[in-house]
Protein chains: 2
Amino acid sequence: MGRWEPNAQERLQHAAMTLFLERGYTEVTVAEIAERAGVTKRTFFNHFTDKREVLFAGAPAFEDRVVQYLAEADDGLDAIDAAVMALTRAGTDLLANYVEYADVRRKVIAASPELHERNLIKMSSLAAAITRALDTHRESSRAAAFAAQAAVTVFTAAYDDWTEDTTAEFDALMQESLTCLRKAVHPI
Amino acid sequence: MGRWEPNAQERLQHAAMTLFLERGYTEVTVAEIAERAGVTKRTFFNHFTDKREVLFAGAPAFEDRVVQYLAEADDGLDAIDAAVMALTRAGTDLLANYVEYADVRRKVIAASPELHERNLIKMSSLAAAITRALDTHRESSRAAAFAAQAAVTVFTAAYDDWTEDTTAEFDALMQESLTCLRKAVHPI
């Protein structure tokens with residue numbers, strides 16, 4: 001195997017998810033993931049700190065994309081609508097790559113308190129990035145943080161819905177989730 | 001020292017917070033905390049799994065109290081108002097015991113990513129407990145989860161405000177925070 005390994009990260013992700021689907025997350029070792037992807041264990045550790053991180057490999061790129069879409073948002077949009085729009089667009093981009101694995105990923109995370117915690121931390125980091133982006137443009141810190149956290153809550157619920165029915169329109173799921181949140185926070 | 005150590009947990013908490021205030025969280029060892037509290041290291045580990053947990057010692061009792069206040073809430077209250085009421089009452093009880101240490105605790109947690117993560121997990125557990133309590137009574141799961149998460153967000157912000165001015169009325173801080181969240185989620 002040469003030193004140049006095209007798309008090693010992506011191949012490792014696909015290999016890992018396929019193995020998790022076949023045999024369950026806890027049973028699969030890093031060595032097996034590397035073997036299935038046709039790379040060395042060392043290459044695995046060049047891309048991921050541990051097995052757990054494979055499940056969250058898309059998070060930094062997703063966060064960057066959300067921030068980029070926010071920067072392009074119409075200044076006339078309210079913070080919450082801008083954040084929901086950015087998460088809808090970035091989510092739609094992301095989910096296209098995860099159709100096959102969405103269900104196994106959700107089940108793996110739901111079954112492990114440790115992975116659930118890791119997911120919480122990633123979502124908190126995402127909310128913080130959205131807060132910083134909103135804060136610069138238009139809002140007081142606290143209002144920005146509240147809008148960002150609400151938008152991430154909406155996204156998490158819509159993403160769960162989507163993993164249960166990957167034929168659904170993500171945009172429609174986001175709007176339903178937002179409507180539900182608004183009613184919960186401000187019942188009339 | 002006899003085997004019977006009255007209020008060992010509380011004494012350990014106070015000793016720990018006093019030492020954190022004097023010398024900084026990272027510098028203080030478990031042995032020093034135990035010594036200051038007049039107990040053995042073994043007694044420390046009977047009460048806490050590690051130094052970090054001392055900062056969150058009140059969390060389970062707080063969670064129980066929130067759930068109890070929710071059970072007493074008027075059935076006519078909306079979920080979000082019931083959750084905010086329960087957090088306000090339990091928060092008021094709790095904060096009375098933390099006036100001296102609120103500021104050092106906030107600074108210690110803010111300075112450590114690891115403690116920040118632990119705090120996130122505690123808040124998520126609190127939101128889950130509130131969701132279960134609301135869910136039984138009145139709401140669909142998702143509406144209950146959204147109301148619970150929003151109420152915990154409101155509480156976290158009000159608690160931060162209170163640590164910066166411990167003479168403020170906690171009830172008023174909760175209402176201000178709720179008003180800000182409602183505006184952020186549903187701008188008019």
Next item on the list: Could you identify the single residue in A:LEU77, A:LEU87 that is farther than 29 Å from B:ARG118 by Cβ and either touching a strand residue (DSSP E or B) at 6+ places or on another chain (Cβ under 6 Å) or surrounded by 13 or more Cβ atoms within 10 Å (Cβ to Cβ) (or both)?
Entry: A:LEU77
Notebook entry, point to check: Based on what the data block shows, is A:LEU178 of a type outside the set (Gly, Ala, Ser) and touching a residue at least 60 places away in the same chain (Cβ under 8 Å)?
Noted result: yes
Notebook entry, point to check: Which one is modelled with the lowest pLDDT, of the residues in region B:136-188 that are exposed (fewer than 14 other Cβ atoms within 10 Å of the Cβ) and within 18 Å of A:THR156 (Cα to Cα)?
Noted result: B:SER140
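The values are calculated or read from the model by the stated rules, or taken from the named source; none is laboratory data. As the structure is a prediction and not an experimental result, all values here were calculated from the model. Using ideal geometry, Cβ is built from the backbone for each residue, glycine included, and neighbour counts are taken over all protein chains shown.
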